[in-house]
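Here the structure is laid out as structure tokens; the discussion comes afterwards.
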Amino acid sequence: MALKDSYLPAHGNTGYRVAHYDLELDYKPVAARLSGRARLTVVALEALTAFTLDLGTFKVDRVLVEGKPVRYTHASGKLRVRAGRPIAVGTRFTVEVRYVGTPRPIRTRAWGDLGWDQLTDGAIVASQPIGAPSWFPCNDTVREKATYQISVTAPSPYTVLANGVLVDGKVGGSTTTWVYVQDVPMATYLATVQIGQYEELELADGQPAAVPSRLVAKFATDFGRQPAMMELFERLFGPYPFGQYSVVVTDDDLEVPIEAQGLSVFGANHVDGRRGFERLVAHELAHQWFGNSVGLADWRHIWLNEGFAAYSEWLWSEGSGGASAAVLAARARALLARQPQNLRIGDPGVDGMFDDRVYQRGALTLHSLRQVLGDAAFFSALREWTHTYRHRTATTDQFIAVAQRHTSLPLGPFFRSWLFEGKLPG
Ligand SMILES: [Zn+2]
């Protein structure tokens, strides 16, 4: 039986899994009004007479199970659906939800507003970790992945990006419908829609970008080395796990860049024409392997995302003629030594998930592992990791087991002190 997330147990439902989300959205940026029809293909993991979906503050017009209207209630972020008649374990069935309203971010104490958010002119979605219900009804858990079709109708001057491949774009005069298919399994928090008045560009390797016209020249400098970054990461980590990698730069500033599956989003403030934020370009690209393809089985394993993405920044620096990973590791160690040594990054607690020490000490853990294993064994362990858990989810114990296959030295004490003790190992 599926388990609830140990950090975020209020989200998700363990009674079923969603195999596919078919989302048909219509968005009016000026009125900030979203109307949606979500068709979910669901598999019952228990006998069900009722079940819940996570959904934010929309007006729900109708819910259908297997095409038949059913009764439901909607309160406190939970849409409770009466199945109509009992659903047996293993049954595959459809749930359709029609909803409308102004999408509002999910408010959190620890991480601020998450999910669908208005830009000055357009919209973004940044859901990590629990913002997905701000725009579609879902089983909001990091452990499960599903395929998606995301169709968005918006006024014609706007460009709409979503995860996966654009399979259709129909111009209906004043509006355009953009249809994207993501046929590689994806966690709900990595699903995204980006709407804005963008120029559509291509980098030297043919990967697409959507950028406000005022930033095009600076963007060309700042992201000019992304194709080389992609080459380096493919050599170190194995093949890029998705078909396409898109970059969006919003016309507004963003606090931090955002990773989504097959797509990353940067703020106007991350583009300076001097490659001043190239570190972040590497960080977000690396998440495609670590976090998006190899997902988390539970949020407590967050260092598997952030430690690896942070270490990838050092690998890019080293691989592109900048400071070596050893120099950057020494710097991070000095920084960490001055901070409280009371965070166990292998289980940092829900409030510590995005603590900078998870990133820095996570990267340092990997650099130390590289010193223990040697370059050849270390990178072959990373490639085994991305290959074995490609498009799946994984745990820290599973990473330790992969690393252990690449050395005869027992790694138990090494990982215990780096991940599960506060004190910085010597
Ligand atoms: Zn990150």
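Tabulated results
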item: Selection count where residues are in a helix (DSSP H, G or I), open to solvent by less than 50 Å² (accessible area, probe 1.4 Å) and without any contact (Cβ under 8 Å) to a residue 60 or more places away in the chain, scope the range 393-426; result: 7
item: Which listed residue is more than 30 Å from Q182 (Cβ to Cβ) and away from the ligand (no atom under 13 Å from the Cβ), from G319, G262, G349; result: G349
item: Hits in the range 155-183 (condition: small (G, A, S), in contact with a strand residue (DSSP E or B) (Cβ under 7 Å, 6 or more places away or on another chain) and assigned to a strand (DSSP E or B)); result: A162, G169
item: Qualifying residue in the range 279-294 (condition: open to solvent by less than 10 Å² (accessible area, probe 1.4 Å), assigned to a loop (DSSP other than H, G, I, E, B) and among the hydroxyl-bearing types (S, T, Y)); result: yes
item: Breaking point among (1) open to solvent by less than 40 Å² (accessible area, probe 1.4 Å); (2) within 28 Å of H391 (Cα to Cα), for P185; result: (1)
item: Flag for M230 being surrounded by fewer than 18 Cβ atoms within 10 Å (Cβ to Cβ), out of contact with any Cys (no Cβ under 8 Å at 6 or more places or on another chain), closer than 28 Å to A297 by Cα and in contact (Cβ under 8 Å) with a residue 24 or more places away in the chain; result: yes
item: Any hit, the range 367-377, residues being surrounded by 19 or more Cβ atoms within 10 Å (Cβ to Cβ), among the polar types (S, T, N, Q) and modelled with pLDDT of 95 or more; result: no
item: Condition check for S312: outside any loop (DSSP other than H, G, I, E, B), within 11 Å of the ligand (Cβ to nearest atom), assigned by TED's automatic domain parsing to the domain that holds D397 and farther than 21 Å from G352 by Cβ; result: yes
item: Odd one out for P155, checked against (1) open to solvent by 10 Å² or more (accessible area, probe 1.4 Å); (2) more than 15 Å from L34 (Cβ to Cβ); result: (2)
item: Only one of A329, A323 that is touching a His at 6+ places or on another chain (Cβ under 6 Å) and either open to solvent by 20 Å² or more (accessible area, probe 1.4 Å) or over 17 Å from V211 (Cα atoms) (or both); result: A329
item: Every pair of residues 6+ apart whose Cβ atoms lie under 7 Å, when the first sits in the range 33-62 and is under 17 Å from V193 (Cα atoms) while the second is of a type in the set (K, R) and open to solvent by 50 Å² or more (accessible area, probe 1.4 Å); result: R37/R98; G56/R104
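Per-residue answers, yes or no, for (1) outside any strand (DSSP E or B); (2) more than 21 Å from V179 (Cβ to Cβ); (3) in the same structural domain as D61 (by TED's automatic domain parsing):
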| residue | (1), (2), (3) |
| --- | --- |
| V89 | yes, yes, yes |
| R98 | no, no, yes |
| P103 | yes, no, yes |
| I130 | yes, yes, yes |
| E144 | yes, yes, yes |
| Q149 | no, no, yes |
| T153 | no, no, yes |
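Yes/no matrix, rows are residues, columns are (1) in contact with an Asp or Glu (Cβ under 6 Å, 6 or more places away or on another chain); (2) assigned by TED's automatic domain parsing to the domain that holds T188; (3) under 24 Å from T141 (Cα atoms):
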| position | (1), (2), (3) |
| --- | --- |
| G307 | no, no, yes |
| E318 | no, no, no |
| G322 | no, no, no |
| R344 | no, no, yes |
| D351 | no, no, yes |
| Y359 | yes, no, yes |
| L364 | no, no, no |
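Rundown of residues vs (1) free of Cβ contacts under 8 Å to residues at least 40 places away in the same chain; (2) under 13 Å from the mean Cα position of the chain (by Cα); (3) within 16 Å of the ligand (Cβ to nearest atom), yes/no style:
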position: Y240; (1), (2), (3): no, no, no
position: S246; (1), (2), (3): no, no, no
position: V249; (1), (2), (3): no, no, no
position: D253; (1), (2), (3): yes, no, no
position: A282; (1), (2), (3): no, no, yes
position: L285; (1), (2), (3): no, yes, yes
position: D298; (1), (2), (3): no, no, no
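The values are calculated or read from the model by the stated rules, or taken from the named source; none is laboratory data. If you're wondering where the values come from, they're calculated on a predicted model, not measured in any experiment. Heads up, the Cβs are rebuilt from the backbone with ideal geometry, glycines too, and the neighbour counts pull from every protein chain shown. To get the accessible areas, we keep the full protein, side chains included, count just its heavy atoms, and leave off ligands, DNA and RNA. Shrake-Rupley method; radii C 1.70, N 1.55, O 1.52, S 1.80 Å.
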